[in-house]
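Note sheet for the following structure.
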Amino acid sequence: MPRVSVEVDGVKYDDDVEPRLLLAHYLRDRLGKVGTPIGCDTSNCGACTVLLDGMSVKSCSVLAVQADGKDVTTIEGLGDGHGLHPLQQAFHEEHALQCGYCTPGMIMAALDLIRENPDPSDQEVREGLEGNLCRCTGYQNIVRAVRNAAGAMRQSPAQEEATR
Ligand code: FES
Ligand code: FES
């Protein structure tokens, strides 16, 4: 059985894994990172999005062995333990969630989007998050939350840096 060495949310793990184990299942079932939900089985919904070496990936379309030697950040790795990350704060303030199932993936995808484009327009947010589906909100509040968070992160680059 292959062995993986991976850092998840700042903690190092070494585990033997089945070659076909998906990263999403490794995170949830082996590490207890249930903040990363699984919303489909076909790489459609984006709910399972995490950062792999800083780039957003759908963790249901990545094998755990492909994360060997890499850093994974999940929604549980954001914030500082005392306060919310600006994206979490903005989603809260702008009512950018209802059932919340899509929210971890939306936030992780938005983090990568803002890293690439610190001041995205409405249209750029919509295009950047087109791989993440929400069945509840109608998206407008999500777009507003992402743009507000981007503004907050431009004001506080140290916070942005801490989550890279
Ligand atoms: S669970 Fe990964 S894209 Fe839906
Ligand atoms: S808030 Fe329910 S799926 Fe997005």
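The values are calculated or read from the model by the stated rules, or taken from the named source; none is laboratory data. A quick note: this is a predicted structure, and the numbers were derived from the prediction, not measured. Please note: Cβ atoms are built from the backbone with ideal geometry, for glycine as well, and neighbour counts cover all protein chains shown. Calculation scope for accessible area: heavy atoms of the full protein, side chains included, ligands and nucleic acids excluded. Shrake-Rupley method; radii C 1.70, N 1.55, O 1.52, S 1.80 Å.
The table that follows gives values for the structure above.
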item: Conditions (1) in a loop (DSSP other than H, G, I, E, B); (2) open to solvent by less than 20 Å² (accessible area, probe 1.4 Å): number failed by LEU51; result: (1)
item: Pair list, Cβ under 6 Å, 6 or more apart: the stretch 83-105 residue within 9 Å of VAL146 (Cα to Cα), other residue open to solvent by 20 Å² or more (accessible area, probe 1.4 Å) and near ligand 2 (Cβ under 9 Å from one of its atoms); result: PHE91/LEU97
item: So LEU22, is it surrounded by 14 or more Cβ atoms within 10 Å (Cβ to Cβ), touching a residue at least 24 places away in the same chain (Cβ under 8 Å) and within 16 Å of ligand 2 (Cβ to nearest atom); result: no
item: Residue match in the stretch 1-18 (condition: closer than 24 Å to LEU129 by Cβ, within 15 Å of ligand 1 (Cβ to nearest atom) and among the aliphatic types (A, V, I, L, M)); result: no
item: Hits in the stretch 77-109 - residues which are more than 16 Å from ligand 2 (Cβ to nearest atom), in a helix (DSSP H, G or I) and crowded, with 18+ Cβ neighbours inside 10 Å; result: GLY77, PRO86
item: Candidate set from the stretch 54-70 (those that are under 13 Å from the mean Cα position of the chain (by Cα) and not hydrophobic (A, V, I, L, M, F, W, C)); member that is surrounded by the fewest Cβ atoms within 10 Å (Cβ to Cβ); result: GLY54
